[in-house]
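**Student:** Below are the structure tokens for one structure; questions will follow.
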Amino acid sequence: MSKEEEFIHLIQENQGLIYKITLIYSKEKDEQDDLYQEIVYQTWKSFDQFKRASKPSTWLYRVGMNTAITHLNKSKKKPLMVSMDQTLFNYSEPMDSKKDEKIQWLYAQIRKLNLLDRGIMFLFLEGKNYEEIGQITGVSTSNVGTRMSRIKQKLKSEATPKPTKIWN
Amino acid sequence: MELEEMQSLWADLSQKIEKQDKIQKELLMDITKQKFRKKLDGIRLPEMIGSVICYVYAMYLLSKFPELELWYNQVFAMITILIMTILPIASLNAIKSMRSVKIGGDAPAQMLEKFAKSKIKFWKVQRYGVIFGALTLITVLPPIAEIKGNMDFISKPLFWAIYLPCGLLYMYFFSRWALGKYKKVMNSSEQLLSEL
């Protein structure tokens, strides 16, 4: 399998993961598309490191989160170079409206956290344990625990989901 | 909402996302290639142009150095050459350090720290750049005047009385504008660090 084919396979297998990172790190559809492109680009750029990585999933989480953090830091809206209309990510797929509302509330709450805590919460929701979260984010396991309890408190203190529209 | 409920919601969402169609191969490579070209053009060009201008000027002064007979002009020429050689190297080095943050290698916490530190380093280099740039305003003229065989105008106190305040005023406003831009970058780095 050529490098290009391996890369395409990796992205296709993990496109959901990349998509979820864009959801928690950006709010607007354009920003999400731009961030998606940036993550794909950064993955390609550092693809040789991926081949040496002992745990490919850890590596991909890192690339995605690091890209999101640095991308947000630039915070400049740039015109999209490639239209993402063809990506077939369908936000408006009909869902249980109450559930949809709750999910949107959940995104909104996560986006209120600081950049690192946002990543920690994302990995927690992805089902990673504290040790794995620590390995991916570079934060000690005990620190992950401390941060998680703070995040829990913060989320608990928020009101229950209110019917708000987060994006179109 | 409890965390367990959030996890269950997230699992639902993950399942839904997994059902999406695969991103098309052609589109994927288009994204990658276009981003790659854009990055290369945007980052390298302006800094490289500035450095080339400095090096061309330094080479010119160096080639004309044997023509300088006055000792103070030799000193001024040496200072100018050194500034025009070292400053671009320092600046390019600082940018290289910013760009060397490994998105695919470091953990987010380490990456954020490295990113912020290299930006601070870049900021320092820019500040020294302003100071030495102001010094070059003085050191650059006398050797050039001797090379061109026109020492008259720099020996007139009136020339310096006009040139120096105007030059320093220009440097002041230019550096205020440039450093203001860099300060914004530094502040955002500090904000990132403080969020850790």
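**Student:** Which of A:9, A:71 comes first, and how do the rest follow, when ranked by fewest Cβ neighbours within 10 Å?
**Tutor:** Starting with the residue having the fewest Cβ neighbours, the order is A:9, A:71.
**Student:** For the range A:111-118, in order, what is each residue's ³J(HN,Hα) by Karplus, 6.51 cos²θ - 1.76 cosθ + 1.60 with θ = phi - 60°, in whole Hz (x at glycine and Pro)?
**Tutor:** Along the range A:111-118, the couplings run 5, 6, 6, 6, 4, 6, 5, 4 Hz.
**Student:** Quick one: Karplus J couplings for the range B:153-168, per residue in order, coefficients 6.51, -1.76, 1.60, θ = phi - 60°, nearest Hz, x for Gly and Pro?
**Tutor:** 5, 7, 8, 8, x, 4, 4, 5, 5, 8, 4, 4, x, 5, x, 5
**Student:** Here's something else I'd like to know. Cα centroid distance between the range A:98-136 and the range B:112-143, in Å?
**Tutor:** 41
**Student:** For each of A:11, B:131, A:136, count neighbouring Cβ atoms within 10 Å of the residue's Cβ, then give the residues from fewest to most.
**Tutor:** With the fewest neighbours first, A:11, B:131, A:136 line up as B:131, A:11, A:136.
**Student:** Computed FRET efficiency, Cβ-Cβ of residue B:2 and residue B:120, R0 45 Å: what is it to the nearest 0.05?
**Tutor:** Working: r = 42 Å, r/R0 = 0.92.
E between residue B:2 and residue B:120, to the nearest 0.05, is 0.60.
**Student:** Averaged over B:2-15, how many beta carbons belonging to a partner chain fall within 10 Å of each residue's beta carbon?
**Tutor:** Mean partner-chain Cβ count within 10 Å for B:2-15: 5.
**Student:** How many nm is it between the label spots at residue A:100 and residue B:130, if each spot is 7 Å from the Cα in line with the beta carbon?
**Tutor:** Here the answer is 5.3 nm between the modelled labels.
**Student:** How much length would be gained if the chain were fully extended between residue B:161 and residue B:49, taking 0.36 nm per residue of separation minus their Cα-Cα distance, in nm to one decimal?
**Tutor:** That works out to 37.1 nm of additional length.
**Student:** Please order B:166, B:54 by the number of other Cβ within 10 Å, starting at the fewest.
**Tutor:** B:166, B:54
Bear in mind that the values in this text are calculations on the coordinates, not laboratory data. Keep in mind the model is a prediction, meaning the values are calculated, not measured. Quick reminder, even Gly has a Cβ in these numbers, built from the backbone with ideal geometry, and neighbours come from all protein chains shown.
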